[in-house]
Amino acid sequence: VFVPFLSLFTKNRPGIKTWVCVGVALYGLYLLCMKGDFSIELSDFYILMCAFMFAVHIMVIDKFGAEFDPITLSSVQFITAAVIGLPFLFVLPVNIADIKEAAVPILYTSVMSTGVGYTFQAIGQKDNDPASVSLILSLESVFAAVGGFLILHESFSYRELIGCILIFVAITIIQLPDRKKDCVSASQSA
């Protein structure tokens, strides 16, 4: 939900429908993720910083996605991340036994979540505005909660269910075409 705020500094400023959908999704995320008081721990701060960096990532893809092929753009991202991360392999302590033990999750994360996921994001974002993309990507929390309920048999409260529904409603509404644009398009084609 940081993307619409970042969009204020670009030519592609969000409209009222986007702000309403962001508000609904933000409230849904609150219901889904916050339990009890509204205290922020250090780990929450890290998650907020990560969300902000993902918003910057969405904005960068929006900026350069029109100029480059999505596959090329994704490949450049992966190579850049590998080059930046490689020195840490030699600086940080690494236990080879731990890496071997976690080989399957590491491979799955690197291939599916990173390789396939970010490539599909670059492809999908080519024809969508960044605010819509950011709301669609907020479904990650919904899938995590539903997956935890179905696979791990975690409890799922009505509050969390309402949060999931609100996020889904916000994403559905932001994808609906604007009447004004449709009327202009119809009159121009006639």
ask   = Between a first residue in segment 47-68 that is outside any loop (DSSP other than H, G, I, E, B) and a second residue that is modelled with pLDDT under 85 and surrounded by 14 or more Cβ atoms within 10 Å (Cβ to Cβ), which pairs have beta carbons less than 7 Å apart while being 6 or more apart in sequence or on different chains?
value = GLY65/LYS126
ask   = When you scan segment 83-159 for helices (runs of 4 or more DSSP H) that lie fully inside it, which ones turn up with 1 or more residues that are touching a residue at least 60 places away in the same chain (Cβ under 8 Å)?
value = 117-125, 130-137, 139-151
key: Residues located in segment 10-44, provided they are touching a Leu at 6+ places or on another chain (Cβ under 9 Å), part of a loop (DSSP other than H, G, I, E, B) and open to solvent by less than 70 Å² (accessible area, probe 1.4 Å)   = PRO14
Selected residue [surrounded by 17 or more Cβ atoms within 10 Å (Cβ to Cβ) and either modelled with pLDDT of 85 or more or within 25 Å of PHE52 (Cα to Cα) (or both)] from LEU135, LEU152 = LEU135
request  = Determine if segment 88-107 includes at least one residue that is within 21 Å of ILE167 (Cα to Cα), open to solvent by less than 60 Å² (accessible area, probe 1.4 Å) and either touching an Asp or Glu at 6+ places or on another chain (Cβ under 6 Å) or among the hydrophobic types (A, V, I, L, M, F, W, C) (or both).
outcome  = no
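The values are calculated or read from the model by the stated rules, or taken from the named source; none is laboratory data. Nothing here was measured: the structure is a model prediction, and the numbers come from that model. So basically every Cβ, Gly included, is an ideal-geometry build from the backbone, and we count neighbours across all protein chains shown. Heavy atoms of the whole protein, side chains included, go into the accessibility calculation; ligands, DNA and RNA do not. Shrake-Rupley method; radii C 1.70, N 1.55, O 1.52, S 1.80 Å.
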